[in-house]
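S.K.: Submitted below is the structure of interest, expressed as structure tokens.
The values are calculated or read from the model by the stated rules, or taken from the named source; none is laboratory data. Predicted model, so just to flag it, every value in this text is computed and none were measured. Here the Cβ positions follow ideal geometry from the backbone for every residue, glycine too, while neighbour counts run over all protein chains shown.
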Amino acid sequence: MIEDGFSIQPSIIVLKTIGALFNLILFFSRKYLRSTSCSLHFRALLANDLFVVYIAILRQWLRDQFEIDLTTKYDWYCKISIYLTFTLYVRSLYCVVLACFDRLCTRSANAQFRKIATVLVSCFLMPSMIIIVYTVYFDVPV
């Protein structure tokens with residue numbers, strides 16, 4: 001088990017970091033991708049994935065390989081890390097859902113739905129989704 005964690009988790013950390021950085025460069029270097037509402041959801045997903053890598057996967061690798069585990073020492077740290085890990089994974093899912101909804105509205109034949117797919121609405125939906133996720137999942141038992 002430790003050998004698997006030693007070989008797999010560092011490669012996940014490195015590859016996800018490189019992939020996320022290349023995607024962020026792509027999304028910020030193209031003017032068209034900076035101005036679309038759907039790309040806003042994907043940029044939030046990329047930032048969230050970096051949080052997942054450095055909060056959840058790195059902590060798990062340090063625990064598995066080097067036996068560095070602050071959750072056994074501090075009860076508050078255990079609760080916060082479980083809560084953050086769970087909500088970060090859920091936020092990734094909802095970022096994809098919002099991107100799909102945005103594309104649905106963009107390609108809709110109904111003009112009312114096309115009015116929803118704007119950067120202004122996306123800038124409202126992303127923080128709203130984050131607040132809702134952290135509020136709804138606050139009662140997750142830890």
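S.K.: Restricting to the range 39-65, what's the tally of residues that are in contact (Cβ under 8 Å) with a residue 40 or more places away in the chain and in contact with an Asp or Glu (Cβ under 8 Å, 6 or more places away or on another chain)?
M.R.: Result for the range 39-65: 1.
S.K.: Right, something else. Say whether the condition of being touching a residue at least 24 places away in the same chain (Cβ under 8 Å) and either outside any helix (DSSP H, G or I) or in contact with a strand residue (DSSP E or B) (Cβ under 7 Å, 6 or more places away or on another chain) (or both) is met by at least one residue in the range 68-78.
M.R.: Of all residues in the range 68-78, those touching a residue at least 24 places away in the same chain (Cβ under 8 Å) come to 78.
Retained after the next criterion (residues that are either outside any helix (DSSP H, G or I) or in contact with a strand residue (DSSP E or B) (Cβ under 7 Å, 6 or more places away or on another chain) (or both)): none.
No: zero hits.
S.K.: Being of a type in the set (A, V, I, L, M, F, W, C), surrounded by 14 or more Cβ atoms within 10 Å (Cβ to Cβ), free of Cβ contacts under 8 Å to residues at least 40 places away in the same chain and under 22 Å from Ser11 (Cα atoms): is that true of Leu84 here?
M.R.: no
S.K.: Somewhere in the range 44-58, is a residue surrounded by 13 or more Cβ atoms within 10 Å (Cβ to Cβ), at pLDDT below 85 and either farther than 30 Å from Phe124 by Cβ or under 14 Å from the mean Cα position of the chain (by Cα) (or both)?
M.R.: The answer is no; no qualifying residue exists.
S.K.: Could you list, in sequence order, the residues of the range 119-131 that are surrounded by 12 or more Cβ atoms within 10 Å (Cβ to Cβ) and either within 25 Å of Tyr83 (Cβ to Cβ) or without any contact (Cβ under 8 Å) to a residue 12 or more places away in the chain (or both)?
M.R.: Selection gives Leu125, Met126, Met129, Ile130.
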